[in-house]
Every structure is written in structure tokens, then in C-alpha cells.
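Notes follow once the structure below has been shown.
The values are calculated or read from the model by the stated rules, or taken from the named source; none is laboratory data. Note that the structure is a prediction, hence the values are computed from the model and not measured. Every residue, glycine as well, gets a Cβ built from its backbone with ideal geometry; the counts of neighbours run over all protein chains shown. SASA here: full protein model, heavy atoms, side chains in, ligands and nucleic acids out. Shrake-Rupley method; radii C 1.70, N 1.55, O 1.52, S 1.80 Å.
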Amino acid sequence: MNFIQTRGIDENSSSNVRFSEAILSPIASFGGLYVPETLPKLGEEFLLKHLNSSYKELASDMLSRFEIDIDAKVIQEALDLYDKFDDASNPVPVVKVKENLYISELYHGPTRAFKDMALQPFGVVLSSIAQQRDENYLILAATSGDTGPAALETFKNRANVKVACLYPDGGTSDVQRLQMVTEKAENLKVIGINGVFDDAQNALKQLLASSEFNDSLKAHNTSLSAANSVNFGRIIFQIIYHIHSYLELVRQDAIVMGEKVYLNVPSGNFGNALGGYYAWEMGLPVEKIIISSNENNVLTKLIKTGKYDLRNSEVVGTTSPAMDILKSSNVERILYDMFGPKRTKELMHSLEVDNFYELSEVELARLQECFDADFCNGDEGKKYIKDTFENYGYLMDPHTATCLKSYETCCDAKIKTIAYSTAEWTKFSPVIANALTGENDAKDITALESISKEASLEIPSMIKELFDKKIVHDTIINKENIAKEILKFL
Ligand SMILES: *Cc1c(COP(=O)(O)O)cnc(C)c1O
């Protein structure tokens, strides 16, 4: 299968590329993204065939339908990483919380957030392409807390790939910071920046665009690549678990084959929701995809009004920081799918120039056929955490909690919902401890212990061990010095 470009093509690029090209250089003409030329149609036959398959069997068959230019052996090696999740026989458990609400838990991997679902296999695929081509890649990652640990974990000690990971010093939780600064491998460099996440992100963007920096990398025989969620190499692994979760509901006799369900997704950059949309297009019976947000509610406004409006918006810090995003990159792929490349280029151009676009009435109606949305503020979220724990014995993190609000406001009560849980309680323990017991300003270690006691849950070993591990990355610098620091590492 070939990949085409969301904003059409400029004179310098070929009209379509293979998967490996699209993942090595994920930015397409006019700043657009790559999308598959067509999506494989799976239909009910595929679902029936995999009713009793393991996660890996399902994944491997689904990926083969994309006909990507990656050896089957490499794909198998990539999928084998799901064996290291808590339960090798089912890396993504789906749990009934109440009447029509099921939660698909995407956090059972090594770094306890859903980024592992895609980044784990992606690391194997990217490194194998680099080795085959005999090329070296530097992955630059700026993180607010979940992508960094997952990227370091997947690329550590992999051949032909190095990672430089920038995080805002003081801007992540203790657990997230420790997950990064204790990760020891020759090919990893973790750098704390004096500033906030946007400073790290902007510094990274400047480096990506700097010809001087790119020339210095060439001197080290290295090219730049990116592991953020605009990379289709991540998206492709995020289609699988939506299909798996549906099949789980059939297996649990919660629905019959063919019955439509809501997919309710706590969203930031829209990679998770896009995976659900593609699964739907490929034949999954879906009623609607519900987009859940926090106070940074641009997506709610887009889906309710057709206006993407950043003119008077600034990111606000929330209790669900992995969703503190205003420019939600993967929405572009939905625009492309619904309205084509010419209109997508026009809309994205006005977002870049005017910080605003507005869909026509017809376009908005099309968007609303597929999506509904609501947002949940931090206090509401904490109430959902506490109530759901007290009434149903289910503990969730603040990102997942945003789905509980839209479950109430957007869904027809007769239809089953699959909501996605994107992080384990261990990653955001101070907020959860506050929700459950009212304690304030607890450090992660104290909060972990009090939740563990309150909810009779064990702290997983990979989290507990972090507090005793040796810190191997202690570089904290001003953003002006990032390029120099990275070149020193190379
Ligand atoms: C990344 C992340 C999200 C947002 O996912 P997108 O695919 O960017 O929409 C939500 N919750 C958590 C915990 C995350 O780490």
C-alpha cells in the first residue's frame, strides 16, 4: 500500500511513498501528513475470524492487510513486545465498570501509559528500517511526561537510533521524571530544560528547522526523525486495540456481533481517536466516537460548532496534562478523509496564519455524523474518580475520568460504550490521592502509598523500583544550549 499526502503535493516530492518512507520522514508537502491511499476493508468476516484470536494474531492479520514494506519477521518481533505486558495472553483487558460502560485499559505496558501500545512495536520497526538502509537516525522528543519515558524505553540499546529527550524541569510528575532520568543506555540522552513544556517543544521545532543543526548532524552521519503521534508508524498500531476491545465485548457477551458501540477517547493530539476512526472505516460497528477533553477544550468546540479557534486561547495547566494541547495534529487526517486535500490545505493554512478556521454547515454535519464531544474540568474529574471508586470499586486516572462526563452527556443509554483508559493510577497519583482522601500537595511516593492502602492495590514493581534507581541523566540547561548539548552527546 502507498501513502499519500493530506495537503496535496509540491513539486519536490513524489506523489506517493511506501510506509518506510512515511515513517522515516513523517512531514509531507506543505507541512502536511501522510495517510494510507486506501484503508483495507475488513468487515464482519474478519471480526468473526478473530473472535477467538490472541491480540498478536489479530494484530498480525490486520497489519498484513495494509501491505506495508516491512518484513513479516520484523513485524512479529515488534508484536512480541506485547508479551512483556502484565498479561501476555491479553495485553489490553476490557473491564465492565457499570451498566453500559466498559473500560479498555491501554496502560499495562512498561511505562504504565497508553503510549507504549504504539511506541513499543514502533521502536523495533524504525530501528530495523534504519539498519537495513545502513543509516543512523536521531529521534528528538519533547515530552510533558508520557511520551518521553515510552520513547526511551522502546529505543534503548536499539541499533542505528539515538534519542535525545527534552523535558521541562519541574514540569512533570516525580514518577515521570524518574522514568526518564534513570533510563541508562549509550544511545539515550535526557535533558531537563529550565522552562515549561512549550519551551522544550519550541526549542525542538527550531532545531528541526535549523539547517545549521541538520548540517552538523550530517557531519555525524545522522538524520533526524520523529516519534510523535503524527508518525503513521504509531497510528497503525493504534487501530488494533479498538478492534480487539470490540471483540472482547462480544466474547464477554456484552454485545452481539454487529452491534454498534460508542468509542469514548480521552484526547490530546487525536492519535488514539484517529485509530478508532480508521477501525470504523475498516468495518468496525461503531455508533459514534466521543472525544473527551479537559479545560483545553478546542476539540469540543470544533465538534460542537465547526470552529477551530485559537485566537484567544492559551494552554492551561490541568490535572490531565497529557491532554493539555491546543493544536491537535491528527485532526488534519480526519479533515483529509472527509473533505479531501485541497480543502485540508486551505483549512490548515488558515489555522496557521489566522489561528482560526470554520467548517461549512455541510462539513460540520459530516463531522457530527462521526463525532460528538464534551470536556470535563479538574474538579468534575476528581469527583468522577471518587464516585466511580466508591460506587463501583473501579479506580481510574484523571485522563480516563474525562470520559465519564461525556458518557453522561453524549451517549444514548441503550448503547454500550467502550471508554479508553490511557494511564495507570501510578502515573498521576497526587491528583488521585487528593480525589480519594482530600490530601493536598503529596509527593508521588506518599500519594502512591496512600492510594495503595486506600484502594488495596499494589504499586507495580517498575514504579516502586524507580525511587531506588540511580539517576544517570542530570543535565539541566537553558534552552539556548540544547543544540550544543545534543551535538556533544552524538
Ligand atoms: C498521550 C495521552 C493522551 C492523548 O492521546 P492522543 O492520542 O494524543 O489524543 C491521553 N492520555 C494520556 C495519559 C496520554 O499519555
- Message: Let me spell it out: the conditions are (1) within 25 Å of Ile325 (Cβ to Cβ); (2) open to solvent by 30 Å² or more (accessible area, probe 1.4 Å), and Lys162 meets all of them except one. Which number is the exception?
- Response: (1)
- Note on the structure: Every listed condition ((1) within 16 Å of the ligand (Cβ to nearest atom); (2) at positive phi) holds for Arg177 save (2)
- Just a yes or no: is a residue in the range 219-238 of a type in the set (S, T, N, Q), outside any strand (DSSP E or B) and modelled with pLDDT of 95 or more? yes
- In the range 25-38, residues that are surrounded by fewer than 19 Cβ atoms within 10 Å (Cβ to Cβ) and in contact (Cβ under 8 Å) with a residue 40 or more places away in the chain total 4
- Query: Under 6 Å by Cβ, and 6 or more places apart or on different chains, what pairs join a residue from the range 130-149 that is without any contact (Cβ under 8 Å) to a residue 12 or more places away in the chain and within 19 Å of Thr318 (Cα to Cα) with one that is within 16 Å of the ligand (Cβ to nearest atom) and among the polar types (S, T, N, Q)?
  - Reply: none
- Query: Take the residues of the range 314-323 that are more than 10 Å from the ligand (Cβ to nearest atom) and of a type outside the set (Gly, Ala, Ser): which is farthest from Ala28 (Cα to Cα)?
  - Reply: Thr319
- Please find, among Leu140, Leu178, Leu152, the residue that is closer than 22 Å to Asn272 by Cα, part of a helix (DSSP H, G or I) and not polar (S, T, N, Q). Leu152
- If you take the residues in the range 181-193 that are charged (D, E, K, R) and part of a loop (DSSP other than H, G, I, E, B), which one is most open to solvent (accessible area, probe 1.4 Å)? Glu186
- Note on the structure: Expected output for the range 267-278 (first residue in a helix (DSSP H, G or I), partner at pLDDT 95 or above and within 6 Å of the ligand (Cβ to nearest atom), Cβ below 6 Å, 6+ apart or cross-chain) is Ala273/Ser267
- Regarding Pro110, is this residue assigned to a loop (DSSP other than H, G, I, E, B), in contact (Cβ under 8 Å) with a residue 40 or more places away in the chain and not hydroxyl-bearing (Ser, Thr, Tyr)? yes
- Take the residues of the range 282-313 that are open to solvent by 60 Å² or more (accessible area, probe 1.4 Å) and assigned to a helix (DSSP H, G or I): which is nearest to the ligand (Cβ to nearest atom)? Lys301
- Note on the structure: Across the range 256-269, the tally of residues that are more than 16 Å from the ligand (Cβ to nearest atom) and crowded, with 21+ Cβ neighbours inside 10 Å stands at 2
- Of the numbered conditions (1) surrounded by fewer than 21 Cβ atoms within 10 Å (Cβ to Cβ); (2) more than 16 Å from the ligand (Cβ to nearest atom); (3) in a loop (DSSP other than H, G, I, E, B), Pro91 fails exactly one; give the number of that condition. (1)
- Item | Tyr241 vs. criteria in a helix (DSSP H, G or I), within 16 Å of the ligand (Cβ to nearest atom) and touching a residue at least 12 places away in the same chain (Cβ under 8 Å) | yes
- Only residues that are among the small types (Gly, Ala, Ser) and open to solvent by less than 30 Å² (accessible area, probe 1.4 Å): list them for the range 1-18, please. Gly8
- Message: Anything in the range 101-119 that is aromatic (Phe, Trp, Tyr) and either touching a Phe, Trp or Tyr at 6+ places or on another chain (Cβ under 8 Å) or within 9 Å of the ligand (Cβ to nearest atom) (or both)? List them, or say none.
- Response: Tyr107, Phe114
- Message: Being away from the ligand (no atom under 16 Å from the Cβ), in a helix (DSSP H, G or I), open to solvent by 20 Å² or more (accessible area, probe 1.4 Å) and not acidic (Asp, Glu) is the filter here; which residues of the range 428-454 pass it?
- Response: Asn434, Thr437, Ile445, Thr446, Ser450, Ser452, Lys453
